[in-house]
1. Across the range 107-123, which residue is nearest to His9 (Cα to Cα) among those that are surrounded by fewer than 16 Cβ atoms within 10 Å (Cβ to Cβ) and not charged (D, E, K, R)?
2. Show me the helices (runs of 4 or more DSSP H) found entirely inside the range 141-206 where at least 1 residues are small (Gly, Ala, Ser).
3. For the range 159-206, enumerate the residues that are free of Cβ contacts under 8 Å to residues at least 24 places away in the same chain and among the hydroxyl-bearing types (Ser, Thr, Tyr).
4. Any residue in the range 137-153 that is surrounded by 15 or more Cβ atoms within 10 Å (Cβ to Cβ), of a type outside the set (Val, Ile, Thr) and more than 20 Å from the chain's Cα centre (by Cα)?
5. In the range 43-68, which residues are surrounded by fewer than 17 Cβ atoms within 10 Å (Cβ to Cβ), not in a loop (DSSP other than H, G, I, E, B) and not charged (D, E, K, R)?
6. Checking the conditions here, which among Phe128, Phe152, Phe107 is modelled with pLDDT of 85 or more, within 21 Å of Leu24 (Cβ to Cβ) and among the aromatic types (Phe, Trp, Tyr)?
7. Only one of these conditions is not met by Ser129: (1) farther than 23 Å from Leu172 by Cα; (2) surrounded by fewer than 17 Cβ atoms within 10 Å (Cβ to Cβ); (3) touching a residue at least 40 places away in the same chain (Cβ under 8 Å). Which number is it?
8. Anything in the range 72-122 that is of a type in the set (D, E, K, R) and either at positive phi or part of a loop (DSSP other than H, G, I, E, B) (or both)? List them, or say none.
Amino acid sequence: MDKEEYIKHLSYDSVIFGFNGEQLKIVVLEYHNTGLFALPGGFIRYTESLDEAVRRGVRERTGLSKIYLEQFHTFGSTTRSDPKAMQRILEENDQQLMGNAWMLGRFISVAYYALINYDKVTLHPDAFSDSINWYPIDELPPLMMDHREMVFKALTVLRNNLEKKLVGMNLLPNKFTMKQLQTVYEAILGEELRRTTFQRRMLGMNILERHEKLYQGTAHKAPYLYSFK
């Protein structure tokens, strides 16, 4: 990586949320031969904006370009960088330390969260990683530096913005049942919701359009399909 191509001491990290119909998960990388786990992230080229860099990085990891992305926090603690960990990553990938010393310095990271449909993604590791996988929120591996803090900060922001941002649009098919929508809310909030109260509240917000019923088995029990207006 040419040090003249990237802005010094500035990076980004992305908390990529995915939903598979039951669980809320996030994407985690494992670096080659190190046992180190991290969120997908990267550096910003001089020729691109911060948003463009993050979209490029998320697209390279997920293959998706049209996704919901939001900047949620900047992490700038003087103790957040870990030069020894970065050195191990470089060495295990046969990278010369001399030309990549800039990567061992202190970095301020701008964090984004992304919302995607779990079923539409084929994950791709970066050049330094052995694997990239989905992990349930409550089954995360030990993450390097302050990445675990990033995950739970992103989850807090996501919960606080749940209805204002209509995050279901990015985690559900175009048409969905009320039960599927409720499952998204429950997965993000981490709690069960009363069905009748949830349905009344969602219909009262005037954000849903009702469609035909989804017939599966008994006709009179078929639920209606909905989409966001």
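The values are calculated or read from the model by the stated rules, or taken from the named source; none is laboratory data. In this text, all values refer to a predicted model and were calculated from it rather than measured experimentally. Backbone-built Cβ (ideal geometry, glycine too); neighbour counts: all protein chains shown.
1. In the first step, residues of the range 107-123 are kept if they are surrounded by fewer than 16 Cβ atoms within 10 Å (Cβ to Cβ); the result is 108, 119-120, 122.
With not charged (D, E, K, R) added as a condition, the list becomes 108, 122.
Values: Ile108: 6, Thr122: 31 Å.
Ranking the qualifying residues of the range 107-123, first place goes to Ile108.
2. On the way: elements: 147-160, 162-165, 168-171, 178-189, 195-204.
Counting at least 1 such residues, we get 147-160, 168-171, 178-189, 195-204.
3. The answer is Tyr185, Thr196, Thr197.
4. Within the range 137-153 (the criterion being surrounded by 15 or more Cβ atoms within 10 Å (Cβ to Cβ), of a type outside the set (Val, Ile, Thr) and more than 20 Å from the chain's Cα centre (by Cα)), the answer is no, since none of the residues qualifies.
5. Residues satisfying the conditions are Leu50, Tyr68.
6. Phe152
7. (2)
8. Arg80, Asp82, Asp94, Arg106
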